[in-house]
1. For the subset of region 107-124 comprising residues that are touching a Leu at 6+ places or on another chain (Cβ under 8 Å) and assigned to a loop (DSSP other than H, G, I, E, B), which member is modelled with the highest pLDDT?
2. In region 28-61, what residues are in contact (Cβ under 8 Å) with a residue 40 or more places away in the chain and within 23 Å of residue 253 (Cβ to Cβ)?
3. What about residue 318, is it open to solvent by 10 Å² or more (accessible area, probe 1.4 Å), closer than 19 Å to residue 100 by Cβ and not hydrophobic (A, V, I, L, M, F, W, C)?
4. Any idea how many residues of region 353-406 are open to solvent by less than 40 Å² (accessible area, probe 1.4 Å) and not in a helix (DSSP H, G or I)?
5. Under the condition of being of a type outside the set (Val, Ile, Thr) and touching a Gly at 6+ places or on another chain (Cβ under 6 Å), which residue from region 1-48 is nearest to residue 91 (Cα to Cα)?
6. Go through (1) over 23 Å from residue 153 (Cα atoms); (2) at pLDDT 80 or above; (3) open to solvent by 60 Å² or more (accessible area, probe 1.4 Å) and name the single condition residue 234 misses.
7. Could you go through region 177-198 and let me know if any residue there is over 21 Å from residue 341 (Cβ atoms), open to solvent by 70 Å² or more (accessible area, probe 1.4 Å), at pLDDT below 90 and not in a helix (DSSP H, G or I).
Amino acid sequence: MNHLIQFLHLPLRYHLIIGIFIRLILVLYSNYHDKYFDVAYTDVDYKVFTDAARHVVSGQSPYKRHTYRYSPLIAYLMIPNIIIAKEFGKIMFSLFDILVTIAIKALVKKQIASSNAENLSTFCSLFWLYNPLSIGISTRGNADSVPCFFIIISLLFLQTETVKGFTKYIFSGIFLGIAIHLRLYPLAFSFPMYLSLGNYKIKRSTRIVEGIWTLLPNIQQITLAFSCIATLFLLTYSMYIRYGYEFLFETYIYHLFRKDTRHNFSVFFYYSYLTMDQLSFDIIKTISQIFEVIILFVVSLTFGTDSKSLPFALFCQSVVLVAFNSVMTSQYFIWFLSLLPLVILNFRLARPKAIFLGIIWIAAQLAWLFYAYLLEFKCREVFILIWLKGVIFFCTNIYVLGQLIKSYNPSVGHVAFIDDKIKY
């Protein structure tokens with residue numbers, strides 16, 4: 001245990017070197033694994049990215065690659081895969097992992113007022129740096145570390161004085177706009193981020209005129225919203241000019257009606273399988289989305305109006321977005337795992353309770369993966385069993401989120417679930 005404590009207290013630069021080394025080893029190993037094992041290490045999306053980049057290099061649309069349903073920016077970033085080496089993209093996504101680690105440390109360090117701020121912020125960043133899921137997702141060639149980075153950077157500018165004056169709100173809005181362009185889910189984050197810049201003191205005794213005046217946007221909110229919308233519009237419109245309606249449909253519209261009957265943790269898995277050929281209005285998913293929007297709205301009002309609890313608002317929203325999504329794969333988990341280090345110091349959790357929550361969350365995944373393996377590679381008809389595991393996983397996500405909300409205290413900055421010798 002003493003060796004572990006000493007290791008955790010190493011300066012961040014040493015951890016970053018170790019983190020880079022681990023990722024490079026896995027990137028190299030992926031070639032061997034893909035060659036000799038039935039279950040490939042490389043994500044299927046990585047091959048899609050590479051093929052899309054090949055089309056771009058040849059002067060064609062990235063959407064000529066069937067199933068490419070991302071922003072053309074990802075295909076542009078993957079061009080060195082064609083020109084330099086096929087591992088370039090995995091290394092690039094891994095470097096974004098490292099940048100997320102650095103951004104987490106900088107943001108947490110600015111947020112806490114403590115003599116132990118350096119050690120605490122390093123610990124939080126290590127939660128991401130050595131997280132097996134973040135390591136696996138990026139080294140398998142998934143691009144979700146890129147929007148995660150822009151979200152953290154947007155928060156960093158919004159909540160710190162890294163850049164002073166109104167420029168900070170401009171930069172925050174720009175990075176949020178980029179994140180939304182790359183992935184639609186950060187759009188939900190814009191509302192609590194907007195609310196966090198307001199000053200809402202409405203009580204029963206507040207007059208109607210005063211209440212309305214309080215709700216009017218201030219200059220900070222206008223600056224953030226304008227820079228975000230302008231960035232999103234410029235990026236999206238430029239891609240529309242280049243690739244037309246095909247870009248809009250494949251990148252955004254398709255995901256509103258997407259049905260995935262494979263590699264899908266979602267509670268809607270079996271329902272999507274049974275209604276695969278039905279393109280009519282889906283009342284079940286519509287009702288689910290209405291409930292999801294209501295929950296996101298309530299979370300924004302509950303935690304988003306205070307800048308101290310804003311990161312937790314984004315964390316809760318990302319868990320809800322993932323849990324209620326009709327399509328859920330392992331890569332989606334880093335949507336909230338990248339935000340968890342920002343709030344991990346604010347939980348009043350006994351160590352046994354924290355371990356229990358982690359175990360049941362992982363166990364629910366493993367149970368689903370076991371039956372998915374039987375379906376995918378052993379050709380067993382276990383659709384209902386997979387669906388039942390999906391229901392269990394949905395309930396697990398909601399239960400864990402509920403327990404974290406109950407234990408959350410934005411004024412607390414401590415680590416209650418690690419060894420007493422490194423408790424602050």
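1. Checked region 107-124; the qualifying residue modelled with the highest pLDDT is 112.
2. Scanning region 28-61 gives 45, 49, 61.
3. When the stated conditions are applied, residue 318 does not pass them.
4. Adding up the residues that qualify gives 1.
5. Ranking the candidates gives 46 first.
6. Status for residue 234: all satisfied but (1).
7. no
Each row is one residue, and each column tells you yes or no for (1) modelled with pLDDT under 95; (2) part of a helix (DSSP H, G or I); (3) under 14 Å from the mean Cα position of the chain (by Cα).
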{"residue": "126", "(1), (2), (3)": "yes, yes, no"}
{"residue": "136", "(1), (2), (3)": "yes, yes, no"}
{"residue": "142", "(1), (2), (3)": "yes, no, yes"}
{"residue": "152", "(1), (2), (3)": "no, yes, yes"}
{"residue": "165", "(1), (2), (3)": "yes, no, no"}
{"residue": "170", "(1), (2), (3)": "no, yes, no"}
{"residue": "174", "(1), (2), (3)": "no, yes, no"}
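The values are calculated or read from the model by the stated rules, or taken from the named source; none is laboratory data. If you're wondering where the values come from, they're calculated on a predicted model, not measured in any experiment. Here the Cβ is made from the backbone with ideal geometry for all residues, glycine too, and neighbour counts use every protein chain on show. Accessible surface areas use protein heavy atoms only, side chains included; no ligands, DNA or RNA. Shrake-Rupley method; radii C 1.70, N 1.55, O 1.52, S 1.80 Å.
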